[in-house]
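See structure below.
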Amino acid sequence: MFSLIRWTFWISVWVLIAAFFHYTLPQVDIVRVTDTYEKRIDPGENSLFWAQADVGSDGTLANRDVFFIQTRRVDGDVMVYRNEDTGWGWPPYFKFDTSNLQAEAGDLRSTEAAARYVAIKHYGWRNEFLTIFPNAISVRAVEGPDASKGIPWLNIVILTLFAAVTYGVWVRWRRFRMARIDPTMEAIEDDLAEASGAVTGWFGSWRKKG
């Protein structure tokens with residue numbers, strides 16, 4: 001039972017860590033921009049998945065206008081991105097050029113008959129049920145639908161550093177456990193065994209006397 005609880009705990013921890021990195025780290029999509037627009041948003045229960053108002057504007061308003069970029073992927077699926085500043089907040093993309101990015105995306109619009117493809121770098125997820133959208137970070141024109149997305153060097157560096165730190169912590173914890181915790185637990189088990197043996201011996205001698 002204890003082993004099951006332990007495995008459930010660690011699986012849950014690693015699933016949360018994987019979800020955090022998948023949401024936060026940048027990804028690149030090859031798409032065709034079909035439209036750009038602006039919409040008034042009232043963040044509610046999903047406010048965690050919205051960034052913030054443009055840096056320099058009033059961030060205390062209950063609702064605000066948000067830029068959106070409508071696209072179609074190479075396979076024909078629709079993908080909609082929000083376009084918000086991240087400013088000095090999290091995740092640390094230090095994005096301050098929301099209006100400029102919207103203008104660039106609008107200039108790259110195209111139709112299916114005269115398709116122009118772009119690479120949109122973004123973070124976040126698209127979920128229709130929760131009404132959340134990935135946040136576009138940058139947009140650039142590419143040669144076509146088969147254009148390379150590039151090597152995700154930033155993701156590789158961050159994940160490598162995380163793996164190195166995790167391994168270092170695990171090694172130190174293992175050494176600490178072997179040096180301090182395991183001997184203590186063994187001593188406690190020995191004491192319990194001796195106490196149990198003493199109680200059993202006393203009980204046996206008491207029964208003989210009875």
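The values are calculated or read from the model by the stated rules, or taken from the named source; none is laboratory data. Note that this is a predicted model, so its numbers are computed, not measured. Cβ sites come from the backbone with ideal geometry, for glycine too, and all protein chains shown count toward neighbours.
Residue-wise test of (1) out of contact with any Pro (no Cβ under 9 Å at 6 or more places or on another chain); (2) outside any strand (DSSP E or B); (3) at pLDDT 95 or above; (4) basic (Lys, Arg).
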position: Ile5; (1), (2), (3), (4): yes, yes, no, no
position: Trp10; (1), (2), (3), (4): yes, yes, no, no
position: Val15; (1), (2), (3), (4): yes, yes, yes, no
position: Ile30; (1), (2), (3), (4): no, no, yes, no
position: Val33; (1), (2), (3), (4): yes, no, yes, no
position: Tyr37; (1), (2), (3), (4): yes, no, yes, no
position: Glu45; (1), (2), (3), (4): yes, yes, no, no
position: Leu48; (1), (2), (3), (4): yes, yes, no, no
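Of all residue pairs spaced 6 or more apart or on separate chains, those with beta-carbon atoms under 6 Å, a first member in the range 40-51 that is more than 20 Å from Gly89 (Cα to Cα) and a second member that is modelled with pLDDT of 80 or more and not in a helix (DSSP H, G or I) are Arg40/Asp65. Among the residues of the range 90-101, is any at pLDDT 95 or above and surrounded by fewer than 12 Cβ atoms within 10 Å (Cβ to Cβ)? Looking through the range 90-101, at least one residue is at pLDDT 95 or above and surrounded by fewer than 12 Cβ atoms within 10 Å (Cβ to Cβ). Restricting Arg140, Arg72, Arg82, Arg40 to those that are surrounded by 14 or more Cβ atoms within 10 Å (Cβ to Cβ) and over 28 Å from Ala18 (Cβ atoms) reduces the list to Arg72. Any residue at all in the range 137-147 that is touching a Ser or Thr at 6+ places or on another chain (Cβ under 9 Å) and either without any contact (Cβ under 8 Å) to a residue 60 or more places away in the chain or small (Gly, Ala, Ser) (or both)? There is no residue in the range 137-147 that is touching a Ser or Thr at 6+ places or on another chain (Cβ under 9 Å) and either without any contact (Cβ under 8 Å) to a residue 60 or more places away in the chain or small (Gly, Ala, Ser) (or both). All conditions but one from (1) in contact with a His (Cβ under 6 Å, 6 or more places away or on another chain); (2) more than 17 Å from Arg32 (Cα to Cα) apply to Pro134; the one that does not is (2). Among the residues of the range 140-169, those identified as in contact with a Phe, Trp or Tyr (Cβ under 9 Å, 6 or more places away or on another chain) and hydrophobic (A, V, I, L, M, F, W, C) are Ala141, Val142, Ala147, Ile158, Leu159, Phe162. Taken residue by residue, the range 52-74 has at least one member that is modelled with pLDDT of 95 or more, under 24 Å from the mean Cα position of the chain (by Cα) and polar (S, T, N, Q).
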